[in-house]
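Read through the structure below, which is laid out as C-alpha cells, and then see the notes.
Laboratory data are not the source of any read-out in this text; all were calculated from the coordinates shown. Since the model is a prediction, treat every value here as computed from it, not as a measurement. FYI the Cβ positions are ideal-geometry reconstructions off the backbone, even for glycines, and counts take in every protein chain you see.
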Amino acid sequence: MNALNNLKDVVGSLTALAIALIAFGVAAGIVFGDVPFVGGVLDNLLAFVNTLGDAGLVGLLVAGWLMSAAE
C-alpha cells in the first residue's frame, strides 16, 4: 500500500508541475509573444476553449469533468 501512495504522490507532483508549466507558457505567450521554449501554448489553449465553446453544453460538461479530474 505504501508503494501505491508513493505512486500517487509522484503523479500528483508531475500533474502540478505540468499545470505550472502551462500557466508559465500562457503568461509568457501573452507578455512576450511567441517564445520558442513554450511554443504555441497560448494558441493551443485558445483552440481548446474555442472547441469547447462550439460544443455547447457537452463542452461545458467536459470542461467541468476535466477540472474535477485535475484536482
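Packing, as the average of other Cβ atoms within 10 Å across residues, places the peptides 2-13, 19-30 in the order 19-30, 2-13, highest first.
Rounded to the nearest 10 degrees, the inclination of helix 57-70 to the longest alpha-carbon principal axis of the chain is 40 degrees.
Rg ratio for the chain: its Cα radius of gyration over 2.2 N^0.38 Å, N being its residue count, equals 1.39.
The stretch between residue 16 and residue 68, if pulled fully straight at 0.36 nm per residue, gains 17.3 nm over its current Cα-Cα span. The phi torsions of segment 12-21, fed into the Karplus equation with coefficients 6.51, -1.76 and 1.60 and a -60° offset, translate into couplings of x, 5, 5, 5, 4, 5, 4, 5, 5, 5 Hz, rounded to whole numbers, with Gly and Pro shown as x. Extension gain for the segment residue 49 to residue 30, taken as residue separation times 0.36 nm less the Cα-Cα distance, is 5.2 nm to one decimal.
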